[in-house]
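Laboratory data are not the source of any read-out in this text; all were calculated from the coordinates shown. This is a predicted model, so every value here is computed, not measured. As a convention, Cβ positions derive from the backbone with ideal geometry for all residues, glycine included, and neighbour counts pool all protein chains shown.
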Amino acid sequence: MSEEINSAGTGVEEHGGHEEFSAITTQEDLDKIIRKRLTREREKYAGFEDLKAKAEKYDAIEEGQKTELQKLQERIEKAEKENAVFKQREQVNTWAAEVSKETGVPANLLRGSTKDELESHAAMLKEFTGEQSTAPVVQSDGKKPKSKAGVTTAELFEEATKDWF
């Protein structure tokens, strides 16, 4: 039997439809087999570098577009938040004007984020600034004044401090 290296580059002889293995005996034969195998593998991936470069370029473009989309999305979200804050502030101002009209408390003194909070604050302010018949006032001479019904806290404060200046 003669040893032949077949077209596949193996040390296999083909005889009448069946293959027989024959050992590789020289370095030259081994180098031929390896060269053929490497050539086949390289052919499988021919053009891979071009495809890889195209894929990287596509990914870079897609990433660039993605960041633009993200920037636009962030701007939209920020504008929506600002719009919501503006609408809430506008609503609170409307409620404050209504509560002010109902209670007589100036709208710029009212604090709260709901109509109920504004009404509650107006009631507290009105109670504080309204008539207080039992407000203790100590005069500079140390005497306690008589109780004055129908006098506001501001008037009592003015009376108590008139001798200070």
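Here are a few things to note about the model shown:
- Protection proxy ranking of 39-49, 94-104, 23-33, by the mean of other Cβ atoms within 10 Å over each peptide's residues and highest first, is 94-104, 23-33, 39-49.
- Using a cut-off of 32 Å between Cα atoms, the listed pairs K115/K162; K54/K81; K32/K54; K126/K162; K81/K101 include K115/K162; K54/K81; K32/K54 as exceeding that distance.
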